[in-house]
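The structure appears right after this line, and notes come after that.
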Amino acid sequence: MTNQAIAAEGLRKSYRDKNGEKVVLDGIDLHVPEGTIFSLLGPNGAGKTTTVQILSTLARADAGRVRVAGFDLDRQADDVRGAIGVTGQYSAVDKLLTGEENLLLMADLRHLPRRDGKRRAAELLERFDLVDAARKPASTYSGGMQRRLDLAMTLVGDPRLIFLDEPTTGLDPRSRRSMWEMVRGLVADGVTIFLTTQYLEEADQLADRIALLDGGRLIAEGTAAELKRLIPGGHIELSFAGPDPLDAARSVLGTAVADPEALTLRIPSDGSVGAVRELLALLDERSIDVAAMSVRTPDLDDVFLTLTGQKETAR
């Protein structure tokens with residue numbers, strides 16, 4: 001059985017304000033296998049930040065049993081802190097220091113011997129392509145470079161589990177994809193990533209499993225493909241070279257919607273490999289030639305909007 005980087009059961013948290021008690025987390029369960037990327041999505045106020053704060057020892061839960069990196073969150077909080085890293089939405093980089101100085105400062109905070117700290121800083125500068133800028137003030141860095149430095153600082157302590165809160169906010173598409181590759185590289189080395197992001201495409205590209213949090217409850221969880229299959233509206237579109245094969249296919253596929261001018265048929269489908277294979281086999285049995293095919297399945301935006309009823313991004 002795969003070891004769990006995070007195992008939480010019945011996690012609860014509420015706050016009291018002038019309007020009374022507000023339930024933020026209402027008994028959620030989370031299981032994140034080691035060496036994977038797990039993404040937590042949800043609208044504003046869903047409880048994502050509170051969840052990360054609890055799991056990273058920055059806040060206490062009212063109830064629930066939690067183990068993080070193999071340690072009991074309540075009884076072994078110091079051990080948890082030693083095993084995790086946190087890269088927040090807002091950079092922890094000191095812009096008055098150079099990139100190298102930021103890393104050495106983090107090494108000092110981690111109580112690494114001076115020689116080990118210098119070696120670790122040099123390794124991370126190389127890994128994150130910051131060698132040429134190592135002795136320049138971080139204030140001169142681009143947004144992408146600052147985010148790379150921020151992640152490098154998190155890695156000084158060699159964490160087994162990293163909480164990434166919106167790691168690519170404000171980055172251009174090229175810098176965003178560069179950061180994705182770095183995250184994938186960390187996972188290839190055995191690091192576990194707990195990702196929160198406002199970019200649904202980011203979760204789709206990176207996450208092994210995704211959980212959708214709304215109103216303090218987990219309302220859906222699975223792979224990106226599994227979540228997309230929860231939403232109706234997917235279809236397979238077939239194109240034909242002429243009206244004869246179009247009419248033949250329409251007679252076989254009773255639920256298909258035809259467009260005689262475009263010579264296409266649209267068939268409701270979840271877009272799975274099995275559904276596509278079955279459809280093509282059926283047409284092949286009747287010697288009906290298909291000129292082209294495309295598959296349209298709901299994306300994570302569709303899932304998010306349908307399940308939460310929100311018209312905003314998954315912040």
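The values are calculated or read from the model by the stated rules, or taken from the named source; none is laboratory data. Since the model is a prediction, treat every value here as computed from it, not as a measurement. Cβ placement follows ideal geometry from the backbone for every residue including glycine, while neighbour counts extend to all protein chains displayed.
Quick notes
- Number of residues in the stretch 131-150 that are assigned to a helix (DSSP H, G or I) and surrounded by 15 or more Cβ atoms within 10 Å (Cβ to Cβ): the value is 8.
- Screening the candidates Met182, Met153 for the property of being under 19 Å from the mean Cα position of the chain (by Cα) and not in a loop (DSSP other than H, G, I, E, B) yields one hit, Met182.
- Candidates Ala5, Ala46 - the one that is in contact with a Leu (Cβ under 6 Å, 6 or more places away or on another chain) and not in a strand (DSSP E or B): Ala46
- Selected residue (only one of Val24, Val86, Val66, Val80 is crowded, with 18+ Cβ neighbours inside 10 Å, assigned to a strand (DSSP E or B) and either of a type in the set (D, E, K, R) or at pLDDT 95 or above (or both)): Val66
- Hey, Asp29 surrounded by fewer than 17 Cβ atoms within 10 Å (Cβ to Cβ), charged (D, E, K, R) and not in a strand (DSSP E or B) or not: no
- Breaking point among (1) closer than 14 Å to Val191 by Cα; (2) at pLDDT below 95, for Ile37: (2)
- Selection within the stretch 251-297 - in a helix (DSSP H, G or I) and under 40 Å from the mean Cα position of the chain (by Cα): Val273, Gly274, Ala275, Val276, Arg277, Glu278, Leu279, Leu280, Ala281, Leu282, Leu283, Asp284
- Test for Arg12: is it in contact with a Gly (Cβ under 9 Å, 6 or more places away or on another chain) and in contact (Cβ under 8 Å) with a residue 24 or more places away in the chain: yes
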